[in-house]
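Asks: Just passing along the structure, written as structure tokens.
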Amino acid sequence: KMSIKHVLVFAAVVQLARALHAPFELRSSPARALQSPSQFGMAKNVLSHGNVVNLATQRQELKALRGGGSTPLAGCVGSLIKNIVGSGVLALAGAVAAFSDEPAMIYPAIGIALVAGIMSAYCFALVGRTCAIAGAKTYREAWAKTVGDSTAWLPAATCTFQTLAASVCYSIIIGDLSRDLAATAGVRGVMGDRTTTLTLTMASVVLPLCMLRSFGFLQYTSLLGITGTAYTGFFMLLRYFQGAYLPPHGAFSKAVAQPPVFSKKGTSAIKALILVSTLTTSSLAHYNALKFLTELENPTTARFNLLTYVSFLGAFVLSVAFMASGYLTFGGAAQGLILNNYAASDTLATFSRVGIAASIIFGFPLTFVGFRDNFLELIGLNQPSQGLKDALTIGGIIALTGVAMVVRDLGVVVSFFGALLGSAVIYVYPSIMFLAALKQGKKDVTVSALELYAQYGLIGAGTGLGALGAIVVILKTYTNILK
């Protein structure tokens with residue numbers, strides 16, 4: 001009942017969010033056109049009168065931008081959901097446990113996820129809309145054509161280091177899962193130690209994959225990610241409804257080192273920012289907005305918005321399934337990587353670890369090489385030699401392995417980088433680009449007074465929540481202030 005209720009609420013609010021993309025007219029006053037940058041600078045006066053800011057008739061067709069793709073709407077929805085729902089969902093239960101161990105707090109957590117989902121979906125649609133207005137082909141180009149080429153390195157650097165953060169998360173997950181699978185296989189002693197299993201996996205599997213000259217075959221392994229994630233969500237829900245880890249009679253209640261904890265430490269509201277930051281990372285797909293706009297068949301504004309909101313609704317449902325099942329099973333004991341909570345003797349958990357590990361390992365090269373190539377371009381090496389690429393790959397894998405040996409809490413990495421980088425990419429940059437495009441009078445677009453106010457709100461909220469979230473993560477993890 002809980003899930004159905006929140007899904008219905010989400011769908012209703014989604015319709016409100018979608019309405020923000022369409023012009024609304026106040027009959028009491030005529031629309032006022034902002035025909036020059038100087039007039040845009042007077043937006044405050046326009047808004048104070050409650051007038052609609054109308055730059056021209058809104059373009060409903062986006063085909064002229066890229067010519068349209070050949071992927072049906074349903075196919076794009078599936079791809080976008082997969083793009084949104086990444087490894088970050090495995091940290092959501094731990095993010096709730098970071099601020100409470102009260103079972104009833106799952107409801108506020110779902111509410112936070114709901115608001116974050118609506119804001120993220122709106123900003124994803126806004127990125128596509130801004131690219132169409134500016135005639136841009138990439139996230140960086142959209143910034144260059146709206147805000148200015150001199151600062152285009154900023155979103156490029158942010159996205160580059162976001163892929164680095166993803167590589168760090170992948171390395172941590174590989175370390176944890178390789179250790180657990182070794183334990184399940186009966187490997188003990190030094191060979192079963194996390195440092196050993198992590199090093200062997202990174203050196204013998206991940207590094208050779210990253211050194212490949214072509215990743216063509218890896219596109220076929222994407223099914224592993226979908227299957228592994230879907231199976232894990234099903235398995236977690238099953239174990240929750242079975243009460244398999246609930247003391248004292250749960251089938252695996254005595255097989256875990258840390259049993260579930262409920263209603264002992266209470267709730268700390270300020271720590272809920274950790275969940276906000278984690279949700280930011282788990283819904284980060286905005287730099288790919290134009291990719292989906294390009295691939296979508298008959299890419300009208302209405303169809304792209306439909307693709308966006310249906311996909312984010314699906315991602316919201318999946319995220320809630322992971323978050324609720326993990327948290328309600330382990331409470332305050334839920335770890336940063338929720339699979340670490342399940343017993344090594346739990347066969348279904350073992351299958352889940354194998355599936356997620358395979359997905360992470362085969363997805364690692366695409367993420368890491370994306371970081372490597374973007375980093376080289378960022379520092380001005382547009383045509384690096386293959387030898388330089390290989391050297392950077394070897395050095396990068398060694399460095400990531402070392403980091404994963406020291407930093408073992410996936411939740412900390414996901415929430416920290418989500419606060420610093422994710423908030424900028426999702427909330428701040430899209431609004432800045434959109435406002436800059438309006439200031440320049442780019443192409444045909446219609447904007448309501450409410451939507452203009454929303455841009456400033458998103459910039460402020462994204463900046464504030466990002467900074468506070470990062471501070472809270474650091475204080476909770478490395479000091480006793482928020483213990």
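Asks: Can you find, within the stretch 57-87, the residue that is modelled with the lowest pLDDT among those that are within 27 Å of the chain's Cα centre (by Cα) and basic (Lys, Arg)?
Replies: In this case the residue turns out to be 66.
Asks: Any chance the stretch 198-220 includes a residue that's surrounded by fewer than 21 Cβ atoms within 10 Å (Cβ to Cβ), of a type in the set (Ser, Thr, Tyr) and outside any helix (DSSP H, G or I)?
Replies: yes
Asks: Here is a follow-up. Just to be sure, is residue 87 more than 19 Å from residue 338 (Cβ to Cβ), open to solvent by 10 Å² or more (accessible area, probe 1.4 Å) and out of contact with any Ser or Thr (no Cβ under 8 Å at 6 or more places or on another chain)?
Replies: Judged against the criteria, residue 87 is not a match.
Asks: For residue 426, are the conditions met, namely being open to solvent by less than 40 Å² (accessible area, probe 1.4 Å) and among the hydrophobic types (A, V, I, L, M, F, W, C)?
Replies: It is true that residue 426 is open to solvent by less than 40 Å² (accessible area, probe 1.4 Å) and among the hydrophobic types (A, V, I, L, M, F, W, C).
Asks: Could you say whether any residue in the stretch 149-156 is crowded, with 22+ Cβ neighbours inside 10 Å and either among the aliphatic types (A, V, I, L, M) or modelled with pLDDT of 90 or more (or both)?
Replies: Scanning the stretch 149-156, I find no residue that is crowded, with 22+ Cβ neighbours inside 10 Å and either among the aliphatic types (A, V, I, L, M) or modelled with pLDDT of 90 or more (or both), so the answer is no.
Asks: Every residue in the stretch 330-348 that is open to solvent by 10 Å² or more (accessible area, probe 1.4 Å) and either of a type in the set (Asp, Glu) or part of a helix (DSSP H, G or I) (or both), please.
Replies: Answer for the stretch 330-348, where residues must be open to solvent by 10 Å² or more (accessible area, probe 1.4 Å) and either of a type in the set (Asp, Glu) or part of a helix (DSSP H, G or I) (or both): 340, 347, 348.
Asks: Out of 266, 225, 233, I need the residue that is within 23 Å of the chain's Cα centre (by Cα) and more than 30 Å from residue 139 (Cα to Cα). Which one?
Replies: 233
Asks: So, one more: With the requirement that a residue be outside any helix (DSSP H, G or I) and closer than 14 Å to residue 317 by Cβ, what does the stretch 78-119 give you?
Replies: Residue satisfying the conditions is 85 alone.
Per-residue answers, yes or no, for (1) open to solvent by 20 Å² or more (accessible area, probe 1.4 Å); (2) under 26 Å from residue 300 (Cβ atoms); (3) over 27 Å from the mean Cα position of the chain (by Cα):
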position	(1), (2), (3)
437	no, yes, no
441	yes, yes, yes
450	yes, yes, no
459	yes, no, no
464	yes, no, no
467	yes, no, no
471	yes, no, no
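Asks: Any residue at all in the stretch 358-370 that's in a loop (DSSP other than H, G, I, E, B), within 21 Å of residue 183 (Cα to Cα), in contact with a Leu (Cβ under 9 Å, 6 or more places away or on another chain) and not hydrophobic (A, V, I, L, M, F, W, C)?
Replies: Checking the stretch 358-370: not a single residue is in a loop (DSSP other than H, G, I, E, B), within 21 Å of residue 183 (Cα to Cα), in contact with a Leu (Cβ under 9 Å, 6 or more places away or on another chain) and not hydrophobic (A, V, I, L, M, F, W, C).
Asks: While we're on this one: With (1) assigned to a helix (DSSP H, G or I); (2) open to solvent by less than 60 Å² (accessible area, probe 1.4 Å); (3) more than 24 Å from residue 414 (Cβ to Cβ) as the list, and residue 186 as the residue in question, which single condition is left unmet?
Replies: Single failed check for residue 186: (1).
Asks: Can you tell me which of (1) surrounded by 19 or more Cβ atoms within 10 Å (Cβ to Cβ); (2) part of a helix (DSSP H, G or I) is the one residue 241 doesn't meet?
Replies: In the conditions (1) surrounded by 19 or more Cβ atoms within 10 Å (Cβ to Cβ); (2) part of a helix (DSSP H, G or I), residue 241 misses (1) alone.
Asks: For the subset of the stretch 255-309 comprising residues that are touching a Pro at 6+ places or on another chain (Cβ under 8 Å) and surrounded by fewer than 20 Cβ atoms within 10 Å (Cβ to Cβ), which member is nearest to residue 342 (Cα to Cα)?
Replies: Across the stretch 255-309, the extreme among qualifying residues is 259.
Asks: Can residue 380 be described as without any contact (Cβ under 8 Å) to a residue 60 or more places away in the chain, small (Gly, Ala, Ser) and surrounded by fewer than 21 Cβ atoms within 10 Å (Cβ to Cβ)?
Replies: Spelling it out, residue 380 is indeed without any contact (Cβ under 8 Å) to a residue 60 or more places away in the chain, small (Gly, Ala, Ser) and surrounded by fewer than 21 Cβ atoms within 10 Å (Cβ to Cβ).
Asks: Looking only at residues that are of a type in the set (Gly, Ala, Ser) and in contact with a Gly (Cβ under 8 Å, 6 or more places away or on another chain) in the stretch 264-298, which one is farthest from residue 165 (Cα to Cα)?
Replies: 289
Asks: Of the residues 312, 351, which is among the hydrophobic types (A, V, I, L, M, F, W, C) and surrounded by 23 or more Cβ atoms within 10 Å (Cβ to Cβ)?
Replies: 312
The values are calculated or read from the model by the stated rules, or taken from the named source; none is laboratory data. All figures in this text were calculated on a predicted structure; none of them were measured in a lab. All Cβ positions, even for glycine, are placed from backbone atoms using ideal geometry, and neighbour counts span all protein chains on display. For the accessible areas, the whole protein counts, side chains as well, though only heavy atoms, and no ligand, DNA or RNA atoms are used. Shrake-Rupley method; radii C 1.70, N 1.55, O 1.52, S 1.80 Å.
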